[in-house]
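This report refers to the structure that appears directly beneath it.
The values are calculated or read from the model by the stated rules, or taken from the named source; none is laboratory data. Being a predicted model, the structure only gives us computed values, none of them experimental. All Cβ positions, glycine included, derive from the backbone under ideal geometry; neighbour counts span all protein chains shown. Just the protein is used for accessible areas: all its heavy atoms, side chains included, with ligands, DNA and RNA removed. Shrake-Rupley method; radii C 1.70, N 1.55, O 1.52, S 1.80 Å.
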Amino acid sequence: MSEFKQTFNSSLGKKLIMALTGLFLCTFLIVHLGGNLLLFRNDDGFGFNLYANFLTHFPPIEVIAYLLYLSILVHALYALILTIKNRKSRPVSYATVNKSPATWSSKNMGLLGSILFLFIVIHMSDFWFAYKYSHKIVYKEYRTDLATDKTTSVAYNPVTPDFEKSVSVENNVEIVRVKDLHARVANSFSNLLYVIFYVIAMFAVSFHLLHGFQSAFRTLGWVHRKYTPIVYSIGTWLFAVIIPIGFAAMPVVYYLQSTGK
Amino acid sequence: MSTGNMNLTLKVWRQKNANIKGAFVTYKAEGISPDMSFLEMLDVVNESLIHKGEEPIHFDHDCREGICGMCSLYINGHPHGPKNAITTCQLHMRTFHDGEIIVIEPWRAAAFPVVKDLAVDRSAFDRIQQAGGFVSVNTGVTVDANEIPIPKVIADEAFNSATCIGCGACVAACKNASAMLFVSAKVTQLGMLPQGQPERYSRVQAMVAQMDAEGFGNCTNTGACEAECPKEIKMTNISRMNNDYFSAKLFREEATHDHAGGE
Amino acid sequence: MTLDAKIPKGPLAEKWSKHKFDLKLVNPANKRKYDVIVVGTGLAGGAAAASLAELGYNVKAFCFQDSPRRAHSIAAQGGINAAKNYQNDGDSVYRLFYDTIKGGDYRAREGNVYRLAEVSVNIIDQCVAQGVPFAREYGGLLDNRSFGGSQVSRTFYARGQTGQQLLLGAYSALNRQIHLGKVKMYTRTEMLDVVTIEGHAKGIVTRNLINGAIETHSGHAVLLATGGYGNVFYLSTNAMGSNVTAAWRAHKRGAFFANPCYTQIHPTCIPVTGDHQSKLTLMSESLRNDGRVWAPKTKEIAEKLRKKEITAAQVKEDDRDYFLERKYPSFGNLVPRDVASRNAKEMVDDGRGVGGSGIAVFLDFADAINRLGKDAVAAKYGNLFDMYYQITDEDPYSQPMRIYPAVHYTMGGLWVDYNLSTNVPGLYALGECNFSDHGANRLGASALMQGLADGYFVIPYTLGDYLATIGPKPVDVKHPAFEKTKQDVLAYINKLLALKGTKTVDEYHRELGLIMWEYCGMARTEAGLTKAKGLISALRADFWKNAIVLGDNEEVNSSLEKAGRVADFLELGELMVDDALARRESCGGHFRLESQTPEGEALRDDEHFAYVAAWEYKGDNQPEVLNKEVLDFEFVHLTQRSYK
């Protein structure tokens, strides 16, 4: 066992932890973006709210979710430990600015990561925590006429505050009652400052992953003349362009919609 | 034989020894020829200092042809100055322009304490090599050299890693003062060659352990080391080292941490 | 005094095997009772320290640099010879032996040179086993290139960094022994004297270059592997720190200095650009495999080139004199170094030199680039071309290199017998530090060979014989000789520190260099040498009056370090001149204008000068005494060297 301890206490071991947690968080981003695209469905949040409910009530996903939270904490903690160690490695700094060519993002992972951490805390307390542990979220009732497949929605007031979800069929109409996270999303994204904060955070995601994704592969030692260029283009196009744009589009679109109303 | 006509202002870190605080001192370098090497320019300044009875600026240097790895100046924000793939001794004054202000600092790293002025103690590098940067073979082997054929591409790759001169520019350039490029170059050179296989996994563990003990920082893959390395050692060495290290630590039963070197 | 070289009797090919058998052995259990001091950690010193530690001796190794890896062996570019005959081109141990003896102009010992050729094959095996990445062919086997003075391809190489790779191999072997606790390494430590007790070397006195501490170290034997003394010329291809101090102080303690006038002037170096020049950079001899050396046929064309009215490319084929190819059709551009250097000098003296100063000839790769393509040329010599470009700002792919000879290697050194022992028992000299194997001229790619041969394959055997003879009794560190020698060193340092004159040590050094280059360089005369002797003597006297030495002993003090080294060069310089004066013949690197063939080649006088000149120190400002070791040639026939 001490062998493992020694391994993860070594400089390379700590980097390994950073790389593995980082890549795990990257895979989560894909899933998260995929799910959140439901926000763009014009169904008054029906799909999105069901999805939110599913995520918080399906045990395997709950396990993975806790793993994810742990990863975030470990990733941040190790980043902090490594940063402190790295600072100590150069107690007297240079008088001149280091001009050695290196990408801006690679030199500012700590700053980017801190922005992201702040973002995650706010993001999670506003949505995840509010959804799970507070009673701030209102409810909605969706009625789908099974003959015409038309859905209408109205606000719903549950009998007990612990109500989560119910599905029933009456008169060929499917009635789904569920927490209306969508409403909170729409409400939050109508605040301009909030939207700006989100967009900035997505820039941070972009630059963090522009370096982080390929760096994780380097750290793991997975470099190869043939495959490394593929890793680079995935890191650049998927993680630093498509995913941040996808996420940033949500607050922007909702904000624009809110101003249009 | 002409002396030149460049005039420069130097801001040089002066520090009497490891225990006394240092500071920048400004000097004029006058009549500098563009054909001079950077160190020859410092020679000229030093000669004039000696004539004035002032202590010359101390800096490490020896071969002055870019191979011994002794020279080590941090010039205007770059280890070995602004040009790529050369050491300070190969940097010529034609790279600078008349009237330029040049800031000269020692390598900065906890593991490289200042000896005097611009010279630093790089014995940490030696200790890392002593921990495992060798093939345990005694003098007097009887295997004919050609009995170990090595594909040319492998030999060339190993050579590329072996060209490291141990100057420490990688550490100086790295924002984390990490020595991983240096360590990985030796790990990779020996790890690629058949001669280095028997100790491949114990070597990497021993060298990384010593590297950590010396107080170098961690790699964050910024690539500054690769960009500033006078011998253009590639960052892929670091990945190779990581790979060997993780296999050794996590998957190989036989690889122990103890690298005895075999007697 | 008669000097016994202790060459074993018997057939050439059996001498070394027989000798190894005859040497006494130290019992394995007793080896750990012996301490051995090794000064210098280049190829010879590093290899010796590692090999002796492997055998079980306790080794203390010293170097003045910050790491053993910085020793100037690292700068050797071209390669290392070995009689492997991998190319099937007719090489053999005997041929390497013969080429080396002939290349040295018949001024080396047959026995030594044969042994060198014999162990050359083991060196390659050893280095490959250590992981030295030599150049390879596509089949995975080792590649070879040709070098001057031979007609076979026997040079193993690692691009243009062979010395570096070999040194890093020896350094890794040394590191392993440091790790195992068998070698105690002292870096940034300079040896300043040898301690002798009852005529035997028993230790050294060193100065710690960080804090100035003067320390004594004891050992059952002292091995000097401190390199050559080329820096006596100030400008040379040596490193700035290369010095003669260790060897010279040993000389002053009784070790004979042999053939000091044998200096190798390397033909292909980058020419001097100005007074500021601090050192000269070699362009590997391997370049002469593909580069063609030429000068313009006439002074007029040379003049136009110097004034940059025309470029080298504009000089028509007919107006070019490929003088080495013309004069030496069978060896062409690959004649030995001394021959190539003298011919370049001849061109310059004839007013046909090129470059701004007119002190250079061309080394042209246009043909090779046409024949092989730029990429192939870059693969072979890329790093050298880059280096040339960095220094001169001229692109050698598009215009010929300018080259001129520069001091590169010193064949002379401490006199040693076949066992590498100096005449002081217990004091050994290895590598360039000794005089033994290269005669009056060293062939390319032989320095690395000799350094490693001495360190890996000779001293581990021969030292045992001496140690077995003296027995493992611990050295008496309380012996007054240690304290006495230490006090001598301190007194000398204080004498240097008292110099508060008007001229810097570098100024003296530069001046000495100019005298040596002018009068004791590529061409020497009775009158010139006599004049030089006076000049050096006066310069030395002036040094001890007017030099500036700043600072204190108890600190990092480069001023003091340099002063000590230059003071020794000032004494050595005079001895070199004495030796050059006494040797009234030309041979290899020693060219006396009075002694040349009608074609201008070095003319030996075997009847009077087939000896090793071993100089004996007799005290400050006393003339040194010449002892002669007559060279017996049993196996080769002495002829006028011809490379035509």
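One residue stands out among those in region C:190-230 that are open to solvent by 10 Å² or more (accessible area, probe 1.4 Å) and of a type in the set (S, T, N, Q): the one that is farthest from C:Ala491 (Cα to Cα), which is C:Thr226.
Being in contact (Cβ under 8 Å) with a residue 24 or more places away in the chain, of a type in the set (Lys, Arg) and either crowded, with 24+ Cβ neighbours inside 10 Å or under 24 Å from C:Leu43 (Cβ atoms) (or both) is true for just one of B:Lys186, B:Lys175. Which residue is that?
Values: B:Lys175 fails: either crowded, with 24+ Cβ neighbours inside 10 Å or under 24 Å from C:Leu43 (Cβ atoms) (or both).
Answer to the check: B:Lys186.
Looking at the structure I just gave you, is C:Ala532 assigned to a helix (DSSP H, G or I) and open to solvent by 40 Å² or more (accessible area, probe 1.4 Å)? No: the conditions fail for C:Ala532. For region A:133-150, residues that are of a type outside the set (D, E, K, R) and either in contact with a His (Cβ under 6 Å, 6 or more places away or on another chain) or open to solvent by 60 Å² or more (accessible area, probe 1.4 Å) (or both) total 6.
Among the numbered conditions (1) among the basic types (Lys, Arg); (2) under 22 Å from C:Gly40 (Cβ atoms); (3) crowded, with 24+ Cβ neighbours inside 10 Å, the only one that C:Lys182 does not meet is (3).
What are the pairs, 6+ residues apart or on separate chains, where a residue within region A:110-137 that is within 20 Å of A:Ala65 (Cβ to Cβ) and at pLDDT below 95 has its Cβ under 7 Å from a residue that is open to solvent by less than 50 Å² (accessible area, probe 1.4 Å) and not in a helix (DSSP H, G or I)? Every condition considered, the pairs that remain are A:Ala130/A:Ile137; A:Tyr131/A:Ile137; A:Tyr131/A:Lys179; A:Ile137/A:Lys179; A:Ile137/A:Asp180. Here A:Val223 clears all of (1) crowded, with 20+ Cβ neighbours inside 10 Å; (2) modelled with pLDDT under 95; (3) closer than 22 Å to A:Ser125 by Cβ except the condition numbered (3).
The residues of region B:212-229 that are more than 7 Å from chain A (Cβ to nearest Cβ) and either assigned to a helix (DSSP H, G or I) or crowded, with 24+ Cβ neighbours inside 10 Å (or both), listed by number, are B:Ala213, B:Cys225, B:Glu226, B:Cys229.
Residues C:Glu432, C:Glu394: which one is away from chain B (no Cβ under 14 Å) and in contact with a Phe, Trp or Tyr (Cβ under 8 Å, 6 or more places away or on another chain)? Break it down stepwise before answering.
Numbers: C:Glu394 fails: away from chain B (no Cβ under 14 Å).
Just a single option satisfies the conditions, and that option is C:Glu432.
Return only the number of the condition from (1) hydrophobic (A, V, I, L, M, F, W, C); (2) under 30 Å from B:Ala206 (Cβ atoms); (3) not in a loop (DSSP other than H, G, I, E, B) that C:Ala201 does not satisfy. Against the list (1) hydrophobic (A, V, I, L, M, F, W, C); (2) under 30 Å from B:Ala206 (Cβ atoms); (3) not in a loop (DSSP other than H, G, I, E, B), C:Ala201 comes up short only on (2). The residues on offer are B:Ile150, B:Ile154, B:Ile165, and the sole one that is open to solvent by 40 Å² or more (accessible area, probe 1.4 Å) and among the β-branched types (Val, Ile, Thr) is B:Ile154. Elements of the type helices (runs of 4 or more DSSP H) sitting completely within region C:1-93 and holding at least 1 residues that are in contact with a helix residue (DSSP H, G or I) (Cβ under 7 Å, 6 or more places away or on another chain) and open to solvent by 40 Å² or more (accessible area, probe 1.4 Å): these cover C:15-22, C:43-55.
Please verify whether region A:115-122 includes one or more residues that are within 20 Å of A:Thr219 (Cα to Cα), open to solvent by less than 40 Å² (accessible area, probe 1.4 Å) and either part of a helix (DSSP H, G or I) or in the same structural domain as A:Gly212 (by TED's automatic domain parsing) (or both). Break it down stepwise before answering.
Within region A:115-122, the first condition is being within 20 Å of A:Thr219 (Cα to Cα), and the residues that meet it are none.
No, every residue in region A:115-122 fails to be within 20 Å of A:Thr219 (Cα to Cα), open to solvent by less than 40 Å² (accessible area, probe 1.4 Å) and either part of a helix (DSSP H, G or I) or in the same structural domain as A:Gly212 (by TED's automatic domain parsing) (or both).
Here the condition is being within 9 Å of chain C (Cβ to nearest Cβ), touching a residue at least 40 places away in the same chain (Cβ under 8 Å) and of a type outside the set (Asp, Glu); of B:Val135, B:Val114, B:Val143, it holds for B:Val135 alone.
When C:Thr187, C:Thr155 are checked against the criterion of being closer than 21 Å to B:Arg122 by Cα and of a type outside the set (D, E, K, R), a single residue qualifies: C:Thr187. Picking from residues in region C:535-566 that are assigned to a helix (DSSP H, G or I) and of a type in the set (S, T, N, Q), the one that is nearest to C:Tyr404 (Cα to Cα) is C:Ser537.
Yes/no per residue for (1) more than 7 Å from every other protein chain (Cβ to nearest Cβ); (2) small (Gly, Ala, Ser); (3) open to solvent by less than 10 Å² (accessible area, probe 1.4 Å); (4) over 30 Å from C:Lys33 (Cα atoms):
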{"residue": "C:Gly148", "(1), (2), (3), (4)": "yes, yes, yes, yes"}
{"residue": "C:Thr155", "(1), (2), (3), (4)": "yes, no, yes, yes"}
{"residue": "C:Gln164", "(1), (2), (3), (4)": "no, no, yes, yes"}
{"residue": "C:Leu167", "(1), (2), (3), (4)": "yes, no, yes, no"}
{"residue": "C:Ala170", "(1), (2), (3), (4)": "yes, yes, yes, no"}
{"residue": "C:Leu174", "(1), (2), (3), (4)": "yes, no, yes, no"}
{"residue": "C:Arg188", "(1), (2), (3), (4)": "yes, no, no, no"}
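Cβ-Cβ distances below 6 Å connect the following pairs, each with a first residue in region C:277-295 that is within 14 Å of chain B (Cβ to nearest Cβ), a second residue that is of a type in the set (Lys, Arg) and open to solvent by 10 Å² or more (accessible area, probe 1.4 Å), and a separation of six or more residues or different chains: C:Lys279/B:Arg64. When C:Leu463 is tested against the conditions (1) hydrophobic (A, V, I, L, M, F, W, C); (2) more than 30 Å from C:Asp22 (Cβ to Cβ); (3) open to solvent by less than 30 Å² (accessible area, probe 1.4 Å); (4) within 14 Å of chain B (Cβ to nearest Cβ), the lone failure is (2). Looking only at region B:1-40, which residues are under 16 Å from B:Leu118 (Cβ atoms), small (Gly, Ala, Ser) and facing another protein chain (nearest Cβ under 8 Å)? Once the filter is applied, which keeps residues that are under 16 Å from B:Leu118 (Cβ atoms), small (Gly, Ala, Ser) and facing another protein chain (nearest Cβ under 8 Å), region B:1-40 yields only B:Ser37. Among the conditions (1) under 24 Å from C:Trp517 (Cα atoms); (2) open to solvent by less than 10 Å² (accessible area, probe 1.4 Å); (3) of a type outside the set (Gly, Ala, Ser), C:Met449 misses just one, which is (1).
Residues considered: A:Phe58, A:Phe40, A:Phe54, A:Phe48. Of these, the only one that is over 15 Å from the mean Cα position of the chain (by Cα), open to solvent by less than 40 Å² (accessible area, probe 1.4 Å) and under 30 Å from A:Ala130 (Cβ atoms) is A:Phe48.
Looking at C:Val232, is it aliphatic (A, V, I, L, M), more than 10 Å from chain B (Cβ to nearest Cβ) and outside any strand (DSSP E or B)? Step through it out loud before you land on a result.
Numbers: aliphatic (A, V, I, L, M): yes; more than 10 Å from chain B (Cβ to nearest Cβ): yes; outside any strand (DSSP E or B): yes.
In short, yes.
Could you tell me whether C:Asn243 is within 23 Å of C:Gly455 (Cβ to Cβ) and either open to solvent by 10 Å² or more (accessible area, probe 1.4 Å) or modelled with pLDDT under 95 (or both)? Before you say what the answer is, go through the steps one by one.
Numbers: within 23 Å of C:Gly455 (Cβ to Cβ): yes; either open to solvent by 10 Å² or more (accessible area, probe 1.4 Å) or modelled with pLDDT under 95 (or both): yes.
Against the criterion (within 23 Å of C:Gly455 (Cβ to Cβ) and either open to solvent by 10 Å² or more (accessible area, probe 1.4 Å) or modelled with pLDDT under 95 (or both)), C:Asn243 qualifies.
Out of all the residues in region C:510-524, which are buried (at least 16 other Cβ atoms within 10 Å of the Cβ) and in contact with a helix residue (DSSP H, G or I) (Cβ under 9 Å, 6 or more places away or on another chain)? If the condition is that a residue be buried (at least 16 other Cβ atoms within 10 Å of the Cβ) and in contact with a helix residue (DSSP H, G or I) (Cβ under 9 Å, 6 or more places away or on another chain), then C:Glu511, C:Leu512, C:Gly513, C:Ile515, C:Met516, C:Trp517, C:Tyr519, C:Cys520, C:Gly521, C:Met522, C:Ala523, C:Arg524 are the ones that fit.
Residues being surrounded by fewer than 22 Cβ atoms within 10 Å (Cβ to Cβ), in contact (Cβ under 8 Å) with a residue 60 or more places away in the chain and assigned to a loop (DSSP other than H, G, I, E, B) are entirely absent from region C:98-106.
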